[in-house]
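Colleague: Please see the structure below; I have some questions.
Just so you know, all these numbers are worked out from the coordinates, no wet-lab data involved. What you are looking at is a predicted structure, and each value in this text was computed from that prediction instead of being measured. Methodologically, a virtual Cβ is constructed for each residue, glycine included, from the backbone with ideal geometry; neighbour enumeration extends over all protein chains shown.
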Amino acid sequence: MPRSAARSHLRVRKSPVRAKKARRPKSKLRDPILLTPGPLTTTRATKEAMLRDWGSRDATFIAINARVRDRLRAIVNASDTHVTVPMQGSGTFAVEAALGTLVPKNGKSLVLVNGAYGKRMCKILDYMGRAYAAYETAEDTPPDPAEVDRRLAADPSLSHVLMIHCETTSGLLNPVGEVAQIAKARGRALLLDSMSAFGAIPLDLKATPCDAVMASSNKNLEGVPGMGFVIVRTETLKAAKGNAHSLSLDLYDQWQAMEANKQWRFTPPIHVIVALDKAIEQFDKAGGVKGRNARYSANCRILVDGMRKMGFVTLLPDKLQAPIIVTFRMPKDPNFKFERFYELLKDQGYVIYLGKLTVADSFRMGCIGAIGSREMKGALSAVRNALRELGVKSGAP
Ligand SMILES: Cc1ncc(COP(=O)(O)O)c(C=O)c1O
């Protein structure tokens, strides 16, 4: 690679949140602003943390790995009750590892489904041949905690409750607090997929007891993709020896090996972990969960208000909306062509996401990642430009 090319390869756009004068990217050569459910826009400092080679037995890396594990469980106030078991791969690998390791072969799960990620849990259980019953509600409807209670009372063979914290399919916040209390009262274990909520929606495992919480490096903590993790009650994990259906996804084995010599069993995603350590340092400096929730809530407010002014309609009422990702119904104007709309936004430096709903045509815009009011306002003017270009007068469905 010629020298100049090598240097430009390392050129990274400044953090849009921290750099006051950062401008909306004008050229396709700049990093786009990712208004997606992840991977997300990350800061320059987080990207720069990866500009090194590390050996997997390097003492500095081992210390960083330990620090990341400790910090993750502290975020949900579980330092004295739970351990963090990291898992190579994307978030789904951590979910599959948790289900395969923590639900015994003769266990039966009640899966609360109101979107693609609840359905994915069912699919994982199908693959593993583990029994479950699904309690499904519409994609814009949270489960009724009283119905969860009724189903647990009616079926004593149900050993676990599986639920999604923020169902990223729609952006809906599920009633984790109420369900956790019901599961506890009925003596059932709760495994929570908090992938798109962790770090931005307050979760205190002392008040909201969960046996396991699953999340990943590349969502609200604003790290890069490549690692999932499970924060699991130590006693629960101790009892899970021999449950797993898979060697690489055996959380118990991963934990035991890491406790024994502080190293990973198999090749660790070192750059991802080092970047996550840097991202958590910035997360702490910016006020932890409280700070992140405040920034994402402000982003969400700007987005929703601005889009509504252009006629767009959100799938969810504000009281069900998590400040993570917003689903908009597809406009009915015949001039509105999503693919063209998407391209017009991308040309202006903003990447959005197609909807995942089965009930209605929709698209999604995220409020998460290292972005702030400047980027949200920039996205709104990009949407206005795109509508003008398409000849669409209103975003109304
Ligand atoms: C709630 C939820 N669960 C699981 C996943 C799967 O994560 P991944 O795509 O990293 O495997 C996602 C991804 O967006 C998610 O939002």
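Colleague: Provide the gained length on full extension for the span Arg57 to Ser297, in nm with one decimal, where the gain is 0.36 nm per separating residue minus the Cα-Cα distance.
Modeller: 82.4 nm
Colleague: What's the FRET efficiency of Lys184 with Lys393 using the Cβ-Cβ distance as r and R₀ = 51 Å, to the nearest 0.05?
Modeller: That gives a FRET efficiency of 0.45.
Colleague: Follow-up question, since we're still on this one. Which percent of Cα-Cα pairs in the range 209-350 sits in each 5 Å bin, short to long?
Modeller: For the range 209-350, the pair-distance distribution reads 2, 7, 11, 14, 14, 13, 11, 10, 8, 6, 3, 1, 0.
Colleague: Bins of 5 Å, beginning at zero and ending with the bin holding the largest distance: percent of Cα pairs per bin for the range 135-245, please.
Modeller: Computed distribution, short to long bins: 2, 11, 20, 23, 20, 15, 7, 2, 0.
Colleague: Dimensions of the range 204-248 along principal axes (Cα, Å, largest first)?
Modeller: 33, 33, 11
Colleague: Using r as the Cβ-Cβ distance of Lys337 and Glu48, and R0 as 56 Å, what FRET efficiency do you calculate, to the nearest 0.05?
Modeller: Computed FRET efficiency for Lys337 and Glu48: 0.90.
Colleague: If you don't mind, there's one more thing I want to ask. So what does the Cα-only Debye profile of the range 82-139 read at q = 0.25 Å⁻¹, as log10 I(q)/I(0), no solvent term?
Modeller: Here the Debye-derived log intensity ratios amount to -1.06.
Colleague: Still on this structure, please answer the following. Most fluctuating residue of Asn261, Asn243, Asn220 in a GNM of the chain with Cα springs under 10 Å: which is it?
Modeller: Asn261
Colleague: Grab the beta carbon distance between Ala138 and Ser248, set R0 = 30 Å, and tell me the FRET efficiency rounded to 0.05.
Modeller: According to the calculation, E is roughly 0.25.
Colleague: Holding the Cα-Cα limit at 32 Å, pick out from Lys47/Lys332; Lys278/Lys337; Lys319/Lys346; Lys219/Lys377; Lys123/Lys206 the pairs that are longer than that.
Modeller: Listed pairs above 32 Å: Lys47/Lys332; Lys278/Lys337.
Colleague: Got a sec? How would Ser297, Ser170 order by Cβ neighbour count within 10 Å, fewest to most?
Modeller: By the 10 Å Cβ count, ascending: Ser297, Ser170.
Colleague: Which shape class applies to the chain: rounded if a/c is under 1.5, otherwise prolate when a/b exceeds b/c and oblate if not, where a ≥ b ≥ c are the square roots of the Cα gyration tensor eigenvalues?
Modeller: It is oblate, given that a/c is not under 1.5 and a/b is not larger than b/c.
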